[in-house]
Amino acid sequence: MRHHRTGKKLGRDSAHRKALYANLTSSLIEHGRIRTTETKAKAVRPIAEKMITLGRDGSIHARRQALAYLRTQEIVHMLFSEVAPRFRDRPGGYTRVVKLGPRQGDAAPMAYLELVDYVPTADHEHAERAEREQVEAAT
């Protein structure tokens, strides 16, 4: 029984799960929004919030902690120089999960995990429109 056990296993061993969380968090920081399953989005959300909180701190120690988790200097630099300053006056709640509906292939519930100040650019809107047209053509 899973009495008082937190977190989802997602059908992966611990190293695979940790790598998945780090990659999804890095993608969220880089792009501002990622499309994934609801379960993964809900699992990654607290990690992303902690990384942004580290970015708000801005100290060398916080930078090293973020680098230990995210593993790439470019993403850490983006976190500390671009993403975290936007949330300087916000006391938490930097991300949101927007539910999308079932995935075409296996009906897995999909969702966007996005930063609360995310604004889609023309490139994102074009890609989303093309994706919707593909789904409509398949049905």
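At-a-glance table
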| read-out | value |
| --- | --- |
| Qualifying residue in region 44-54 (condition: open to solvent by less than 60 Å² (accessible area, probe 1.4 Å), farther than 27 Å from MET110 by Cα and free of Cβ contacts under 8 Å to residues at least 40 places away in the same chain) | yes |
| Check on GLU82, over 20 Å from LEU20 (Cβ atoms) and open to solvent by 60 Å² or more (accessible area, probe 1.4 Å) | yes |
| Counted residues, region 84-139 - those being among the charged types (D, E, K, R) and within 30 Å of ARG63 (Cβ to Cβ) | 8 |
| Conditions (1) of a type outside the set (Lys, Arg); (2) modelled with pLDDT under 95; (3) surrounded by 19 or more Cβ atoms within 10 Å (Cβ to Cβ); number of the one not met by GLY58 | (3) |
| Condition broken by GLY92, with the remaining ones in (1) over 20 Å from ALA127 (Cβ atoms); (2) open to solvent by 30 Å² or more (accessible area, probe 1.4 Å); (3) not aromatic (Phe, Trp, Tyr) satisfied | (2) |
| Residue within region 122-137 that is in contact with a strand residue (DSSP E or B) (Cβ under 6 Å, 6 or more places away or on another chain), in contact (Cβ under 8 Å) with a residue 60 or more places away in the chain and not hydrophobic (A, V, I, L, M, F, W, C) present | no |
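The values are calculated or read from the model by the stated rules, or taken from the named source; none is laboratory data. Worth saying up front: this structure is predicted, and the values here are computed from it rather than measured. Cβ atoms come from the backbone with ideal geometry, glycine included; neighbour counts cover every protein chain shown. Areas reflect the complete protein model, heavy atoms only, side chains present, ligands, DNA and RNA absent. Shrake-Rupley method; radii C 1.70, N 1.55, O 1.52, S 1.80 Å.
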